[in-house]
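Participant: Handing you this structure, nothing more for now.
The values are calculated or read from the model by the stated rules, or taken from the named source; none is laboratory data. In this text the structure is predicted, and so the values were computed from the model without any measurement. Here Cβ is always computed from backbone atoms with ideal geometry, including for glycine, and neighbour counts include all displayed protein chains.
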Amino acid sequence: MPESPTKTEGQIVNLIVQHQHDLHHYILSLLPDRALASDVLQETNLVLWNKAHEFDPSRPFLPWALTFAFYQVKAARRDSSRDRHLFDDDLIASLAAEPMDCEADLMDKALENCLRKLPRTQRKLILARYQPGASVQDLAAEFSQTPNALSIGLLRIRSSLKACIEQQLSSSQA
Amino acid sequence: MTPDRTETLIHMMLDHSLSEAERIELNDLLRGSQAARESYLRAIAIHGALIRKCDAAPSSLPFAAPPVAAKPLRFPFKKLLAIAAGIVLMASVFFAKPGPRADITDGDFTVSPGATPLALGKIPARTPLSIASGSLTLTYPSGAQVLLEAPCHFQLDEKEALTLVHGRASVYAPPGAQGFVLDTPSGKFIDLGTRFGVAVGSDGSDAVILSEVFEGEVNIETPSEPMRLLRNGDSTAILSSGRSSRLVNSLDSSPIHLSRSASNAPADRKNLALGKPVFSPGYCVRPHGSIFPPDNLTDGRLNDSGVPGDWSFWLAPDYENGEFTVDLMQDEIISRISLQNTSNRFINDRGTENFAIEISSDNKSFTPLIVGTLPRIEPDKPEQAFPFHEFTFPETTARYVKFIVLSHYRHPTNPSHQHHSGGLSEIQIFR
């Protein structure tokens, strides 16, 4: 007869699902490599699932989960050359201790609003840049630009998005 | 609005164009200023939101290089996925249009989480499809057959053709099925009545496509080179850079070989090592997606299979014996370890000869368990599965199992062959 999940396991699944974007945000801030961060998120999910019995439901979930995410990040940095140790160990520890400046879901909503405000060509370019596997080199050919010119264009779009998102978030918090 | 230096360096980091001096500069800026760290965290938050948005939506690009290592989601979302899958299946049944046809006629596989469900019978056309584990056989009205090996992303776009975005395929076109086309991100393979294999992978940014003709002939058509005919025994790689591509007959000074058989082990629930994390002080990284990290040792994929950027076996760094440690995640009672050696895809210049295994419960203090020898993989039988070698011992308790290569194989006939190291294809651990 198959085992049914315990109440704690059920709660943990809900909490893990609910906080996927926050966990992704945290891991990505320490490992900006997209594929590696995705792998570490999966590993973290698995660890959290396996540790369900250790979770105290009277305490907040996210700080507990981020502790395990941090250990998984450290393990990934130890074992992967993909990250190429972009950040030194002391800086990783310092970034890990920084508070999250906003919930990932709020950021996703602000991004949607700000993408809509971008000129169509800029929106197309930034979304093309974030398609899985896309590179500046490929996009430069696609958009008939030099890689350098395309990179400068992306920098400007990122700056515009940042300014717009900051405005959105501050007005939503006001 | 003028981006400041921190913002510029962060942008360069996100586009992978940071030099070592700039990396150090960015570290110093972030270390020295709270404002710089806040700016970085805001930029990363936007970066993450863009990734989530684009990961959730289907790609609008015409076959950009696929992600290097598409891994199945190891998380119990199965019930939710089953409901979502049911909705997608119903939609595909009710809104199906006449078009190209291929049927799954054989297979033991699982689809990737969130992907369109698949079962024996007709597959949906013009729909991105993927399998996360196992293999399946597609059969076309002409009799052409394609064996697909997970992890694999593919799509049925045209009659008597298949688009392979990522993964391995073996094609068989019997008499009457000549002209079957296998389309890939960097070129088309037009079958002239033959058996051939293709592996579509990536070096991290550009597609790397390997092919080998087992019988008969096949034409290769790429955007930037004249059509080339490959005959029985020929092999080639298509290397892409932007929109151009070139055909080469060897990779990293080694010949190109593809195994003919599907190479996924049936999931053995009793294998305590399956899917468990593996750590090693280093592993082999070479150009064109030749990267061999230690988690390949417990991924259930066997026989030196995989594709560029996502091979199924572990290799130590060049010229080193190497070692790795499997973390069983908790103390387990074990009494048997099963090992499958590697021959580095029949290049036959790497592999484990003598080894030692030690165990530990704290990853600090290790106790010797076994010393043994693995034979070299026979290089002349590419269609056969590699053998497993079993080592048994009295029941003992361990969480960490460390495998230390004491000596490794080198190229058998060419002592001056440039590369060599230890390596292993799979480790299985049982009670």
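Participant: Pick out the one residue from B:G179, B:G121, B:G167, B:G114 that is on the phi > 0 side of the Ramachandran plot and buried (at least 19 other Cβ atoms within 10 Å of the Cβ).
Facilitator: Answer to the check: B:G167.
Participant: Given the residues A:D56, A:D108, A:D89, which is the only one that is more than 25 Å from B:L315 (Cα to Cα) and not assigned by TED's automatic domain parsing to the domain that holds A:N14?
Facilitator: A:D108
Participant: Limited to region B:327-360, what total is found for residues that are at positive phi and not in a strand (DSSP E or B)?
Facilitator: Of the residues in region B:327-360, the ones at positive phi are B:329, B:344-346, B:348, B:351.
Among the residues that remain, those that are also not in a strand (DSSP E or B) are: B:344-346, B:348, B:351.
Matching residues across region B:327-360 total 5.
Participant: Moving on to the next point. Please go through region A:153-174 and give me each residue that is loosely packed, with under 15 Cβ neighbours inside 10 Å, assigned to a helix (DSSP H, G or I) and more than 9 Å from every other protein chain (Cβ to nearest Cβ), ordered by number.
Facilitator: Scanning region A:153-174 gives A:Q167, A:S170, A:S171, A:S172, A:Q173.
Participant: If you don't mind, another one. Looking only at region B:26-40, which residues are within 12 Å of A:S94 (Cα to Cα) and assigned to a helix (DSSP H, G or I)? Walk me through it before giving the result.
Facilitator: Pass one, region B:26-40, residues within 12 Å of A:S94 (Cα to Cα): B:27, B:30-34, B:37-38.
If the condition is that a residue be within 12 Å of A:S94 (Cα to Cα) and assigned to a helix (DSSP H, G or I), then B:N27, B:L30, B:R31, B:G32, B:Q34, B:R37, B:E38 are the ones that fit.
Participant: Could you say whether any residue in region A:134-148 is part of a loop (DSSP other than H, G, I, E, B) and within 22 Å of the chain's Cα centre (by Cα)? Before you say what the answer is, go through the steps one by one.
Facilitator: Kept after step one, since they are part of a loop (DSSP other than H, G, I, E, B), are these residues of region A:134-148: A:134-135, A:143-146.
From the residues that got through so far, the ones that are within 22 Å of the chain's Cα centre (by Cα) too are A:134-135.
Yes: one or more hits.
Participant: Can you work out which of the residues in region B:239-254 that are surrounded by 13 or more Cβ atoms within 10 Å (Cβ to Cβ) and farther than 16 Å from B:G201 by Cα is modelled with the lowest pLDDT?
Facilitator: B:S254
Participant: Before we move on, is A:S94 modelled with pLDDT under 90, crowded, with 19+ Cβ neighbours inside 10 Å and of a type in the set (S, T, Y)? I'd like the intermediate steps shown before the answer.
Facilitator: Working: modelled with pLDDT under 90: yes; crowded, with 19+ Cβ neighbours inside 10 Å: no; of a type in the set (S, T, Y): yes.
Here the answer is no, as A:S94 does not meet what is asked.
Participant: Residues B:G216, B:G204, B:G197: which one is in contact (Cβ under 8 Å) with a residue 24 or more places away in the chain, assigned to a loop (DSSP other than H, G, I, E, B) and out of contact with any helix residue (DSSP H, G or I) (no Cβ under 7 Å at 6 or more places or on another chain)?
Facilitator: Criteria check complete, one pass: B:G204.
Participant: Quick one: A:A76 ticks every box in (1) surrounded by 18 or more Cβ atoms within 10 Å (Cβ to Cβ); (2) within 9 Å of chain B (Cβ to nearest Cβ); (3) modelled with pLDDT of 85 or more bar one, so which box is it?
Facilitator: With (1) surrounded by 18 or more Cβ atoms within 10 Å (Cβ to Cβ); (2) within 9 Å of chain B (Cβ to nearest Cβ); (3) modelled with pLDDT of 85 or more applied to A:A76, the lone miss is (2).
Participant: A further question on this structure: It is to be established whether one or more residues within region A:138-146 are modelled with pLDDT under 90 and either within 7 Å of chain B (Cβ to nearest Cβ) or under 28 Å from B:G32 (Cα atoms) (or both). Show your work before the answer.
Facilitator: To start, the set of residues in region A:138-146 that are modelled with pLDDT under 90 comprises A:138-146.
Adding the requirement that they be either within 7 Å of chain B (Cβ to nearest Cβ) or under 28 Å from B:G32 (Cα atoms) (or both) leaves A:138, A:141.
Scanning region A:138-146 turns up at least one residue that is modelled with pLDDT under 90 and either within 7 Å of chain B (Cβ to nearest Cβ) or under 28 Å from B:G32 (Cα atoms) (or both).
Participant: Run B:F313 past the list (1) at pLDDT 90 or above; (2) within 13 Å of chain A (Cβ to nearest Cβ); (3) within 12 Å of the chain's Cα centre (by Cα) and report the number of the one that doesn't hold.
Facilitator: Every condition holds for B:F313 apart from (2).
Participant: Give the number of residues within region B:288-307 that are more than 12 Å from chain A (Cβ to nearest Cβ) and assigned to a strand (DSSP E or B).
Facilitator: Residues that pass the stated criteria total 4.
Participant: Yes or no: B:G201 touching a Lys or Arg at 6+ places or on another chain (Cβ under 7 Å) and crowded, with 19+ Cβ neighbours inside 10 Å?
Facilitator: Criteria not met by B:G201.
Participant: A:D105: surrounded by fewer than 18 Cβ atoms within 10 Å (Cβ to Cβ), among the acidic types (D, E) and free of Cβ contacts under 8 Å to residues at least 12 places away in the same chain, yes or no?
Facilitator: Details: surrounded by fewer than 18 Cβ atoms within 10 Å (Cβ to Cβ): yes; among the acidic types (D, E): yes; free of Cβ contacts under 8 Å to residues at least 12 places away in the same chain: no.
No, not satisfied.
Participant: Limited to region B:96-139, what total is found for residues that are among the aliphatic types (A, V, I, L, M) and part of a loop (DSSP other than H, G, I, E, B)?
Facilitator: Let us first name the residues in region B:96-139 that are among the aliphatic types (A, V, I, L, M), namely B:96, B:102, B:104, B:111, B:115, B:118-120, B:123, B:125, B:129, B:131-132, B:136, B:138.
In the following step, the residues that additionally are part of a loop (DSSP other than H, G, I, E, B) were identified as B:96, B:102, B:115, B:118-120, B:123, B:125.
Qualifying residue count for the region: 8.
Participant: Can you run down the residue pairs with Cβ atoms below 9 Å, 6 or more apart or on separate chains, where the first is in region A:22-50 and touching a residue at least 60 places away in the same chain (Cβ under 8 Å) and at the interface with chain B (Cβ under 7 Å from one of its Cβ atoms) and the partner is in a helix (DSSP H, G or I) and of a type in the set (S, T, Y)?
Facilitator: What qualifies is A:H24/A:S38; A:S29/B:Y40.
Participant: Could you pull out the residue among B:T184, B:T236 that is at pLDDT 85 or above, within 17 Å of the chain's Cα centre (by Cα), farther than 30 Å from A:V47 by Cα and hydroxyl-bearing (S, T, Y)? Walk me through how you get there before you give the answer.
Facilitator: Numbers: B:T236 fails: within 17 Å of the chain's Cα centre (by Cα).
Only one candidate qualifies: B:T184.
Participant: Something else: Considering each residue of region B:140-180, count those that are in a strand (DSSP E or B) and not basic (K, R), and give that number.
Facilitator: Selection size over region B:140-180: 22.
Participant: Taking region B:348-366, which residues are hydroxyl-bearing (S, T, Y) and without any contact (Cβ under 8 Å) to a residue 40 or more places away in the chain?
Facilitator: Hits for region B:348-366 are B:S361, B:S365.
Participant: Restricting to region B:328-380, name every residue that is among the hydrophobic types (A, V, I, L, M, F, W, C) and within 14 Å of another protein chain (Cβ to nearest Cβ). Talk me through it step by step, then tell me what you get.
Facilitator: First, pick out the residues of region B:328-380 that are among the hydrophobic types (A, V, I, L, M, F, W, C): B:328-329, B:333-334, B:337, B:339, B:346-347, B:355-357, B:359, B:366, B:369-371, B:374, B:377.
Selection gives B:L328, B:M329.
Participant: Tell me which of these A:L115 doesn't satisfy, since it passes every other one: (1) in contact (Cβ under 8 Å) with a residue 40 or more places away in the chain; (2) more than 7 Å from every other protein chain (Cβ to nearest Cβ); (3) under 30 Å from B:D310 (Cα atoms).
Facilitator: Single failed check for A:L115: (3).
Participant: Could you grab the pairs with beta carbons closer than 7 Å, sequence gap of 6+ or different chains, first residue in region B:149-177 and touching a residue at least 24 places away in the same chain (Cβ under 8 Å), second one surrounded by fewer than 19 Cβ atoms within 10 Å (Cβ to Cβ) and among the β-branched types (V, I, T)?
Facilitator: As it stands, the answer is B:Q155/B:T127, since those pairs meet every condition given.
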